[in-house]
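Before any comments, here is the structure.
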Amino acid sequence: MYTEAVMDHFSNPRNVGEIKDADGVGEAGNPVCGDIMRIYVKIEDQRIVDIKFKTFGCGAAIATSSILTEMVKGKTIAEAEKVTNRAVAEALGGLPPHKMHCSNLAADALHKALDAYRQSHLQFTAGEADSSSAIG
Ligand code: FES
């Protein structure tokens, strides 16, 4: 009932863990089952240079987290933002209908991590602008 890709990523998940000095952290939860996924990103020059995940959830959620990290590692923020939950499920060759909801966590958590990066980066940039205008 699961594709080989799902079983592979569930059995050998890639990029598991956390990034201590992450530039952005995003979390998504499934209110129905209570499962939670957390994504950590490291950004350099607007590109995801490292990504890790921690998923407290079912096998499908772990597989979607794992393949998502492979899909976006090395991609620009703009490219990563275009990755949808559907694309993640398709990259796994699909999920059984009753497990499709599990794939809704991965891209959501990634997008939240990128939002968190953007917000902290914008604040930093604004702070820099303030201080330079104060000096000038
Ligand atoms: Fe909760 Fe799959 S059953 S994410």
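The values are calculated or read from the model by the stated rules, or taken from the named source; none is laboratory data. Worth saying up front: this structure is predicted, and the values here are computed from it rather than measured. Because the Cβ atoms are built from the backbone with ideal geometry, glycine has one as well, and the counts that use them run over all protein chains shown.
Things worth noting here:
- LEU114 being surrounded by 19 or more Cβ atoms within 10 Å (Cβ to Cβ) and outside any helix (DSSP H, G or I): no
- Subset tally (residues that are polar (S, T, N, Q) and more than 16 Å from the ligand (Cβ to nearest atom)) for segment 44-69: 2
- Residue in segment 25-35 that is more than 16 Å from the ligand (Cβ to nearest atom), in contact (Cβ under 8 Å) with a residue 40 or more places away in the chain and among the aliphatic types (A, V, I, L, M) present: yes
Yes/no per residue for (1) touching a helix residue (DSSP H, G or I) at 6+ places or on another chain (Cβ under 7 Å); (2) modelled with pLDDT under 95:
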site: PHE10; (1), (2): yes, no
site: ASP23; (1), (2): yes, no
site: CYS33; (1), (2): no, yes
site: GLY74; (1), (2): no, no
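- Of the helices (runs of 4 or more DSSP H) lying entirely inside segment 1-95, those containing at least 2 residues that are of a type in the set (Ser, Thr, Tyr) and crowded, with 17+ Cβ neighbours inside 10 Å are 59-72.
- Residues in segment 96-107 that are more than 10 Å from the ligand (Cβ to nearest atom) and over 15 Å from ILE39 (Cα atoms) were compared, and the one that is surrounded by the most Cβ atoms within 10 Å (Cβ to Cβ) is PRO96.
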